[in-house]
Amino acid sequence: MRDALAPLAEALSRQAEIDARAIAARAEDEAAELVAAARRDARAVLDGARSEGAAQAAADAVTSRVEAERRARRMELAAQREALDELCARSAAAVGALRDDPCYPRLLDRLGDLARASGGADLVVEVQPDGGLLAKGRGRRVDCTLGWLAVRAVDALGGEVRRLWAP
Amino acid sequence: MSTWAPVEYTGVAELRGPLVIVRGVRNVGWDEYATIILESGERRHGLVLDVDRDLAVVQVLEGTGGLGAETTRVTFAGSPLRVPVGAGWQGRVCNGRGRPLDGGPPILGDDSAPVAGFPMNPTVRQPPTEPVITGVSAIDALTTLVRGQKLAVFAEGGLPHLELAAQVAAQAHTGGEPFSVIFAAMGLTHGDAATVRDILERRSSAAELTLLLNLAGDPVIERLLTPRIALTVAEHLAFVLRRHVLVVLADMTSYCEALREVSAARGEIPARRAYPGYLYSDLASIYERCGRIRGRPGSVTVLPVLSMPGGDITHPVPDLTGYITEGQILLSREVPSYPHIDPLSSLSRMMRAGAGEGRTRPEHLDLAAQILAGLSRARQAGELADLVGESALTRTDRRYLAMAQAFLVGLLAQRPDEARTLADTFDRAWQVVSVLPRSELSMLGEQALEAGYRGQE
């Protein structure tokens, strides 16, 4: 009886062996595939990270360059502003010094004429203690004080002022 | 008026809201520029709104807060507002009246020009022929902006139209030719203004950009000056200094609301939706200041950006703007991705003059037409698919749907900080049409298809 089943047992065991080998081979293939896929993924992740890093570095470089340029521009504009303020201060001082000039009375006469020519002959002229004069009439006045004359002198320069900082 | 001895009028009859009524004035005209001097010496500025014999109505730009009728003095310039013009504007940030906000000195120029400008003589106008590259694929490929053109951007509520305007202003160029951008921001909140400034920083530091910033809290009459100052500066840069200038005006709806407010203060008869009856001619006096002049190399291109109240394209502001401008770019909420440009509702009427061989790419116009035709067919197929299901569509129709999707993802969708080259844009455009079978691309020539088509068939 046992002998009679022997070929069957042998065939089953052979089949089992073949199956086991096939399963093992498939498992090996799958494992190799998994490893390869994992390597591919890792490479892709690495490449992605590398290019992302490079892009970030480039973006950071642009940001810091832009920031530096902005800072430089701010400083340049602030320096120009300071130069203009200095010009205003110096011109106010220079115009203020006219009070000590021997020609000052003639300047006042001339300013009085100017004020009346502009605002009307009925304006009453008052000499101001800070220099210059104020001409007043009904509903209008003309301010020819030295302080305002200095401001108008700088305003009248217009684009000339840029020569303060032009190379 | 004497420069050295200007007359100061002290007879302030009334202070009413932003208005100062001055009596006893002589030789003062409408729209004249005025300076208001406070008791403290502070100087404010205004415009003459009306003159009746010796009475002048002056609207104070900075408002009348702190003014006393007894102590206020007003001088008149003898002319409408003029601004200094020249290269000094480049790289500067100013308020809506052109006063510096960047810590620098006032803008100084050798020359000055009236902000109201002069209409361009139609006989010396030259038709546009060259493009402005915006770096935004959907605009460059399908609604190309052309030098000297006026092309409006219409946005439905809640869409990032200011970001798009700022992106275009930050990226736009004309190849290697001298180029400047003037961004006139009107009625912006502090948040929006900060966003716009951030986006523009790169160009601003390159000294090619001028930013005029009129905030929502600034006086409305200042808002009426902002676009005019921008255009006055642009005209000088373009036609005297020979640069190509792009003027971005955002948001024109805020400008029109300011116009409505000033019109109401003047007691004018309101027209449609209470806007003044002259809204059309007022807008035309701004938009028509673009163009090119024969014999002068520069150009002024105007990009007005406006939000449509309630998403209504028939609202007076977009409606009248649409009559004047040469096309529009429509931002729609139905387009899910930034920049939300709806290609089938957008059109650049000057595109034919500025795109194609020798300007952008030889196949540009055909490729754009092919994409638009494809998107139109895809829209029809999409509507059909809504009824019968996508599986019931023909294979070709399904390819059209795929093409529309490829357009949305590959060409239209763009990051707000992404500047695309023309080559990149065309590369993407070819990828979009290559989703379709070659037999469907009837608008493209054989030579162009040989060079650009990358599909399977």
- Query: Can you give the net charge of the other residues whose Cβ lies under 15 Å from the Cβ of B:R359, counting K and R as +1 and D and E as -1?
  - Reply: -2
- Item | Sites A:L157 and B:T71 - FRET efficiency at Förster radius 35 Å, r taken between beta-carbons, to 0.05 | 0.70
- Message: Run the simple label-point estimate for A:Q56 and B:D54 please: 7 Å along Cα→C-beta, distance reported in nm.
- Response: 7.6 nm
- By its C-alpha gyration tensor, with a ≥ b ≥ c as the square roots of the eigenvalues, how is the stretch B:12-79 shaped: rounded for a/c under 1.5, else prolate for a/b larger than b/c, else oblate? prolate
- Item | Overall form of the stretch B:83-352 per C-alpha gyration tensor (a/c, 1.5; a/b vs b/c) | rounded
- Message: Just to confirm the filter: which GluC sites (Glu not before Pro) across the stretch B:294-403 are DSSP coil and have at most 15 other Cβ within 10 angstrom of their Cβ?
- Response: B:E334, B:E357
- Return, ordered by residue number, the residues of the stretch B:47-61 whose backbone nitrogen is under 19 Å from a label point located 7 Å along Cα→Cβ of B:R26. B:51-57
- Task: Find which of B:G103, B:G327, B:P219 sits farthest along the positive direction of the dipole of the stretch B:83-352, computed with +1 on the beta-carbon of Lys and Arg, -1 on that of Asp and Glu, about the Cα centre.
- Result: B:G327
- Any chance you could list P(r) for the stretch A:2-164, counting all Cα-Cα pairs in 5 angstrom bins from zero, rounded to whole %? 2, 7, 8, 8, 7, 6, 5, 4, 4, 4, 3, 3, 3, 3, 3, 3, 3, 3, 3, 3, 2, 2, 2, 2, 2, 2, 2, 1, 1, 0
- Query: Using just the C-alpha positions of the protein assembly as shown as equal point scatterers, what log10 of I(q)/I(0) does the Debye formula give at each q in 0.06, 0.09, 0.11, 0.12 1/Å?
  - Reply: -0.45, -0.84, -1.12, -1.27
- So how strong a dipole does the protein assembly as shown carry about its Cα centre when Lys and Arg Cβ are +1 and Asp and Glu Cβ are -1, to the nearest 20 debye? 1540 debye
- Note on the structure: Taking the alpha-carbon centre of each part, the distance from the stretch B:296-362 to the stretch B:370-446 in Å is 21 Å
- Item | Of all accessible heavy-atom area on the protein assembly as shown, the percent that carbon and sulfur account for (1.4 Å) | 54 percent
- Could you give the alpha-carbon Rg of the stretch A:55-115 over 2.2 N^0.38 Å, rounded to two decimals? 2.29
- Message: Can you compute the helix-only [θ] at 222 nm over the protein assembly as shown? Use -39500 (n - 2.57) per DSSP H run of at least 4 residues, normalise by all residues, nearest 500 deg cm²/dmol.
- Response: -14500 deg cm²/dmol
- Task: Give me the accessible area of A:L164, 1.4 Å probe, in Å² rounded to the nearest 10.
- Result: 90 Å²
- Message: Relative contact order of chain B, please, whole-number percent, based on alpha carbon pairs below 8 angstrom and at least 6 residues apart.
- Response: 16 percent
- Tilt of helix A:2-96 relative to the longest C-alpha principal axis of chain A, in degrees (0 to 90, nearest 10)? 10 degrees
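Suppose a student asked you for the relative contact order of the stretch B:83-352, using Cα pairs under 8 Å spaced at least 6 residues apart; what percent would you report?
28 percent
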- Message: Compute the distance from the alpha-carbon center of the stretch B:161-207 to that of the stretch A:3-35, in whole Å.
- Response: 72 Å
- Message: Can you say what percent of the DSSP beta bridges in chain B, counting only those with both residues inside, are antiparallel? Round to 5.
- Response: 55 percent
- Message: Of the candidates A:A37, A:A79, A:A115, which one comes out as most mobile in a Gaussian network treatment of chain A with C-alpha springs shorter than 10 Å?
- Response: A:A37
- What is the dipole size for chain A, taken about its Cα centre, with +1 at each Lys and Arg Cβ and -1 at each Asp and Glu Cβ, in debye to the nearest 20? 1060 debye
- Item | With Cα atoms, 0 to 90° folded angle of helix A:146-157 axis to chain A main axis | 50 degrees
- From the Cα gyration tensor of the stretch B:315-457, with a ≥ b ≥ c the square roots of its eigenvalues, which class applies: rounded if a/c is under 1.5, or else prolate if a/b is larger than b/c, or else oblate? oblate
- Residue farthest toward the positive end of the dipole of the protein assembly as shown, with Cβ of Lys/Arg at +1 and Asp/Glu at -1: which of B:P122, B:A406, B:C94? B:P122
- Note on the structure: Dipole check, the stretch A:2-164, charges on Cβ (K,R +1; D,E -1), about Cα centroid: among A:G53, A:L34, A:V154 the Cα furthest to the positive pole belongs to A:V154
- How large is the dipole of chain B about the Cα centre if only Lys and Arg carry +1 and Asp and Glu carry -1, each at its Cβ, rounded to the nearest 20 debye? 760 debye
- Query: How far is helix A:104-119 tilted off the main Cα axis of chain A, in degrees rounded to 10, range 0 to 90?
  - Reply: 70 degrees
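Just want to confirm a number: the relative contact order over the stretch A:2-164, from Cα pairs under 8 angstrom separated by 6+ residues, in percent. Don't skip to the answer; put the middle values down first.
On the way: 87 pairs, mean separation 25.8, N = 163.
So the answer I get is 16 percent.
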- Message: Less than 12 Å Cβ to Cβ from B:T189, Lys/Arg counted +1 and Asp/Glu -1: what total charge do the surrounding residues give?
- Response: -3
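The values are calculated or read from the model by the stated rules, or taken from the named source; none is laboratory data. If you're wondering where the values come from, they're calculated on a predicted model, not measured in any experiment. Virtual Cβ from ideal backbone geometry, glycine too; neighbours counted across all protein chains shown. Ligands, DNA and RNA are excluded from the accessible area calculation, which covers all protein heavy atoms including side chains. Shrake-Rupley method; radii C 1.70, N 1.55, O 1.52, S 1.80 Å.
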